[in-house]
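Read the structure below first, then the notes.
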Amino acid sequence: MVSPDAHVGPTFSCLIGQEFQRLKRGDRFWFENQGTYPNHFTTSQMIQLSKIKLSRLICDNTNTNWLPERVFELKSKLVKCENLPTLNLNSWLKSY
């Protein structure tokens with residue numbers, strides 16, 4: 001179902017959704033495609049990766065302090081970058 005505030009109609013919305021789904025499933029480097037392609041992430045690394053949102057990536061790579069929590073949603077609430085989950089890199093440390 002398409003939101004009444006959508007900028008595209010139901011047909012184009014469906015096409016866009018299907019294309020993103022195909023891109024994700026066909027990307028051999030996408031970390032969630034472990035059944036189809038070899039995955040080199042541990043379970044703890046996968047948990048950490050799944051916590052990160054696009055908003056966190058934008059915060060880490062720009063000078064912004066506030067942005068929508070869900071950047072693709074028009075009515076998403078604004079949050080401070082410091083309140084978004086960060087990537088815990090301890091899962092990538094090797095114990096010797």
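Any read-out appearing in this document is the output of simple, stated calculations on the displayed coordinates, not a laboratory observation. The model shown is predicted, which means the values in this text are computed figures rather than measured ones. With ideal geometry, Cβ positions are generated from the backbone for all residues, glycine too; neighbour counts draw on all protein chains shown.
Counting neighbouring Cβ atoms within 10 Å and putting the fewest first, the residues S44, S91 line up as S44, S91. For a 4.7 Å threshold on C-beta separation, the list of partnerless cysteines in the chain reads C14.
Pairs from the table (K51/K94; K24/K94; K51/K75) lying more than 23 angstrom apart at Cα are K24/K94. Calculated FRET efficiency, K94 to L57, Cβ-Cβ distance, R0 = 35 Å: about 0.90 to the nearest 0.05.
Derived scalar couplings between HN and Hα for the range 15-20 equal 4, 5, x, 5, 5, 4 Hz in order, rounded to whole Hz, by the Karplus curve 6.51 cos²θ - 1.76 cosθ + 1.60 (θ = phi - 60°), x for Gly and Pro. Remark: F12, F41 ranked as F12, F41, counting other beta-carbon atoms within 10 Å and listing the fewest first.
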